[in-house]
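Enquirer: My questions all concern the structure below.
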Amino acid sequence: MALAVSADAVRTLHRLHRQLADLSDQLAAGPRQVAARTKQLAAAEAAHAAALDEIKKAKMAVDQKQLQLRSAESKILDLEGKLNACKTNREYQTLRDQIAADKMATKVLEDEILEGLERLDAVKTHLAPAEAEIATSKASLAETKAKVEGETSRLEAEVARIRGDLDAAERELPADSRDVYHRIVKSKGADGMAAVEGTSCGGCFQQLTGNMLAELSMGKVVPCRGCGCLLYLTSS
């Protein structure tokens, strides 16, 4: 059954609802962009923290080896000092063998320290790129926030204007059609209205009956029997 409301009125209401839906999508996109930039910054800061931790561990490893080396060198000096006090050749030779073994161990430590210093230099190269990425991410986040804030103000003003136009258009609806309209819009939003496409509903594409098409051709608004959308012709 056709509603006591003109196709022009529903066409206008549908346009305003779609505009509001589009503006709502644009408003929602802003926080998502800020969240993405914030996540990017957090990742950059995590990479920087990881680089610092890697440097710390590499330096601690080198410091530990250097401490071991100093201890081993001190032990060697102590053993060498005891050589002159040996009373037997056997005791002397035992000390010499121990000193030789300890010197070999210090050589291994020296090699390990050199490798550790090379490792430290290598991990330090990760720090500058990580710091640069943080700076870039911070700048990008600040730029995005400023852009979103400016866009939000503009979009909210546009939403207020469209809502005003929508309220005015809704007040023009006949009383006997207003409840049906509000019920459909509450359930479907901007998708509660659909333009006729050929001889089918533009919402669910169900074929329309001859009577429905006749009423539509007279500029009336007809609910779709398939999806419940308020149907209207694209032009009177």
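The values are calculated or read from the model by the stated rules, or taken from the named source; none is laboratory data. Only a predicted model underlies this, so the values are computations on that prediction, with no experimental measurement involved. Neighbour counts are summed over all protein chains in view; Cβ atoms, including those assigned to glycine, are modelled from backbone coordinates with ideal geometry.
Enquirer: Being surrounded by 16 or more Cβ atoms within 10 Å (Cβ to Cβ), among the acidic types (Asp, Glu), within 30 Å of ALA28 (Cβ to Cβ) and out of contact with any Phe, Trp or Tyr (no Cβ under 8 Å at 6 or more places or on another chain) is true for just one of GLU149, GLU143, GLU133, GLU156. Which residue is that? Walk me through it before giving the result.
Expert: Working: GLU149 fails: surrounded by 16 or more Cβ atoms within 10 Å (Cβ to Cβ); GLU143 fails: surrounded by 16 or more Cβ atoms within 10 Å (Cβ to Cβ); GLU156 fails: surrounded by 16 or more Cβ atoms within 10 Å (Cβ to Cβ).
Only one candidate qualifies: GLU133.
Enquirer: Still on this model: Can you confirm whether LYS87 is outside any helix (DSSP H, G or I) and over 30 Å from VAL196 (Cβ atoms)?
Expert: Working: outside any helix (DSSP H, G or I): yes; over 30 Å from VAL196 (Cβ atoms): yes.
When the stated conditions are applied, LYS87 passes them.
Enquirer: State yes or no: is LEU166 at pLDDT below 90, of a type outside the set (Val, Ile, Thr) and more than 30 Å from ALA51 (Cβ to Cβ)? Spell out the reasoning first.
Expert: Working: at pLDDT below 90: no; of a type outside the set (Val, Ile, Thr): yes; more than 30 Å from ALA51 (Cβ to Cβ): yes.
For LEU166, the condition - at pLDDT below 90, of a type outside the set (Val, Ile, Thr) and more than 30 Å from ALA51 (Cβ to Cβ) - is not met.
Enquirer: Pull up segment 172-201, narrow it to residues that are surrounded by fewer than 18 Cβ atoms within 10 Å (Cβ to Cβ) and assigned to a loop (DSSP other than H, G, I, E, B), then point me to the one that is farthest from the chain's Cα centre (by Cα).
Expert: Among those residues, the one meeting the criterion is PRO174.
Enquirer: Can you go through ARG163, ARG171, ARG154 and tell me which one is under 21 Å from GLN19 (Cβ atoms) and in contact (Cβ under 8 Å) with a residue 40 or more places away in the chain?
Expert: Working: ARG171 fails: in contact (Cβ under 8 Å) with a residue 40 or more places away in the chain; ARG154 fails: in contact (Cβ under 8 Å) with a residue 40 or more places away in the chain.
Step by step, each of ARG163, ARG171, ARG154 is checked, and only ARG163 is under 21 Å from GLN19 (Cβ atoms) and in contact (Cβ under 8 Å) with a residue 40 or more places away in the chain.
Enquirer: Another question, if that's okay. Can you tell me which of ALA44, ALA35 is of a type in the set (Gly, Ala, Ser), under 25 Å from ALA128 (Cβ atoms), in the same structural domain as SER137 (by TED's automatic domain parsing) and modelled with pLDDT of 95 or more?
Expert: Numbers: ALA35 fails: under 25 Å from ALA128 (Cβ atoms).
Criteria check complete, one pass: ALA44.
Enquirer: Take the residues of segment 12-33 that are crowded, with 16+ Cβ neighbours inside 10 Å and of a type in the set (A, V, I, L, M, F, W, C): which is farthest from GLU172 (Cα to Cα)?
Expert: Checked segment 12-33; the qualifying residue farthest from GLU172 (Cα to Cα) is LEU27.
Enquirer: Which is out of contact with any strand residue (DSSP E or B) (no Cβ under 9 Å at 6 or more places or on another chain) and either free of Cβ contacts under 8 Å to residues at least 24 places away in the same chain or closer than 30 Å to VAL123 by Cβ (or both), of LYS103, LYS75, LYS59? If you could, list the steps in order and put the result at the bottom.
Expert: Details: LYS103 fails: either free of Cβ contacts under 8 Å to residues at least 24 places away in the same chain or closer than 30 Å to VAL123 by Cβ (or both); LYS75 fails: either free of Cβ contacts under 8 Å to residues at least 24 places away in the same chain or closer than 30 Å to VAL123 by Cβ (or both).
Going through LYS103, LYS75, LYS59 in turn, the sole match is LYS59.
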